[in-house]
Amino acid sequence: MRSWLWVGVGTVVLGWGMTSLWAEEGTGQKVNPAEDLVIKWLPEPYPVPNADAKTEAEMKPYTEVIVGTDIKFDMVPIPGGKFLMGSPENEPGRKPDEGPQHEVEIEPFWMAKYETLWDAYETWSFELDKRRREQTKEPATKWDEIADAIARPTPPYTDMSFGMGKKDRPAVCMTLYAAQHFCKWLCAKTGRYYRLPTEAEWEYACRAGTTTAYSFGNDPANLDDYAWYFDNSDDKYHKVGEKKPNPWGLYDMHGNVAEWVLDQYVPDAYQKFAGKTVKNPIVPVTKEFPVVVRGGSWMDDPEMLRSAARRASHPDWKMQDPQIPQSIWYLTDAPFVGFRVVRPLRLPTEEEAKLYEPDPEILRNYRKAQGGKQ
């Protein structure tokens, strides 16, 4: 069990305390979507064209549908393969935590073409899907019933876009825990297994088969064609997809907003992989800070946008949070951090899923810190 604790007064957890249980088909076993691993209750897939695949050869791009909303998003197949993770010692801007380079093998997965947008994120966090059903008198689908059991935060104390706009723009200022909960809700709404990428998956997808500092080459002078960063962002993030994609069709992997991955930040983490080929590596999260974010953002200089560049989250990212204890959902000082989702071709084992999904112990500790208040 992961031992770190995120607690927060003032972020009332909607859905906490729900005792709804579903009978697992054919077994009579009861499962609780609020706490149990997704693989124990994942509903049948909501049918969308080209989303089904049993082998890598069958994987195609598809457009996902979030049941009970008008929201759709595009998924891109990422082939399995091997790559050199990290940067060579002679790469300009390189830091010691990017080495030594080591070979990594990655299984095939789909990755979102764009960073997660405000419309999808706020449908979860503000319960907009439930409000829509209330207004239209539409009955809840079987996907809605499970999704309604997933915990959601109350609205934040201020506009977390900080005036940078929301239409077609990436959601920011969420904690890793919040992003993981969004993914869990997304699983319920679609019947497909979504999660955040591991750090290795993220770099593999960002490189897209390249070995240069950026997916378009080594020259940062070309960044304007591919990325929003300090020199061209006008001090704000931008609509997704306005720059050129990488060779695998993913947009804004360099810049716009930095992206959460599932790994604890350990400066010398690559040392133990030196000289080895490691398959699907992950450094499990054992404490709230520091965790890795990748890709650089609209606030960064070119060297932080390199494919191998790593950044560690910091407690200062919630410095202005007025709540005591501070929120488990919001990072009040991280308007440069968002995320994008992946969907592995192979469903994880139970042991793997424990590393990918939010720890229910965090909510239990939160409720304890709240003294039973909701």
_Using Cα springs under 10 Å in a Gaussian network model of the chain, which residue among P139, P267, P100 shows the largest mean-square fluctuation?_
P139
_Taking just the alpha carbons, could you work out the radius of gyration and Dmax for segment 304-361, both in angstroms?_
15.5, 42
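Only helical DSSP H runs with n ≥ 4 go in: add -39500 (n - 2.57) per run for the chain, normalise by residue count and round the 222 nm mean residue ellipticity to 500 deg cm²/dmol.
Values: 8 runs with 68 residues, N = 374.
Only helices count here, giving -5000 deg cm²/dmol.
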_From zero outward in steps of 20 Å, how is the percent of C-alpha pairs of the chain spread across the bins?_
30, 61, 10, 0
*Cα point-scatterer Debye curve for segment 177-268, base-10 log of I(q)/I(0) at q = 0.15, 0.16, 0.18, 0.21 Å⁻¹*: -0.72, -0.80, -0.97, -1.15
*Report the percentage of all Cα-Cα pairs in segment 28-135 whose separation exceeds 21 Å, rounded to a whole percent.*
62
*On the accessible surface of segment 53-370, probed at 1.4 Å, how many percent belong to carbon and sulfur atoms?*
51
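Considering only protein heavy atoms, what per residue accessible area in square angstrom results for the chain with a 1.4 angstrom probe? Display every interim value, and only then the final one.
Values: 15620 Å² over 374 residues.
That works out to 42 Å² per residue.
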*May I ask you to derive the FRET efficiency for K239 and D301 from their Cβ-Cβ distance with R0 = 22 Å, giving the value to the nearest 0.05?*
0.50
*asked:* Test of the criteria: in segment 57-140, which chymotrypsin sites (Phe, Trp or Tyr not before Pro) are in a DSSP loop and have at most 13 other Cβ atoms within 10 angstrom of their Cβ?
replied: none
_Relative to 2.2 N^0.38 Å, what does the C-alpha radius of gyration of segment 144-212 come to as a ratio? Two decimals please._
1.40
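Suppose every Lys and Arg Cβ carries +1 and every Asp and Glu Cβ carries -1, with no other charges. What dipole size does the chain come out with about its Cα centre, to the nearest 20 debye?
Numbers: 46 positive and 57 negative charges, 168 e Å.
With Lys and Arg at +1 and Asp and Glu at -1, about 800 debye.
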*Of R343, R131, R310, which is the most mobile in a GNM of the chain whose springs link Cα atoms less than 10 angstrom apart?*
R131
*Would you mind giving the three semi-axes, in whole Å and largest first, of the ellipsoid equivalent to segment 233-374 according to its Cα gyration tensor?*
27, 23, 16
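The values are calculated or read from the model by the stated rules, or taken from the named source; none is laboratory data. A quick note: this is a predicted structure, and the numbers were derived from the prediction, not measured. When we count neighbours, we look across all protein chains shown, and the Cβ atoms used for this are built from the backbone with ideal geometry, even at glycine. Please note that ligands, DNA and RNA were not included when accessible areas were found on the heavy atoms of the full protein model with its side chains. Shrake-Rupley method; radii C 1.70, N 1.55, O 1.52, S 1.80 Å.
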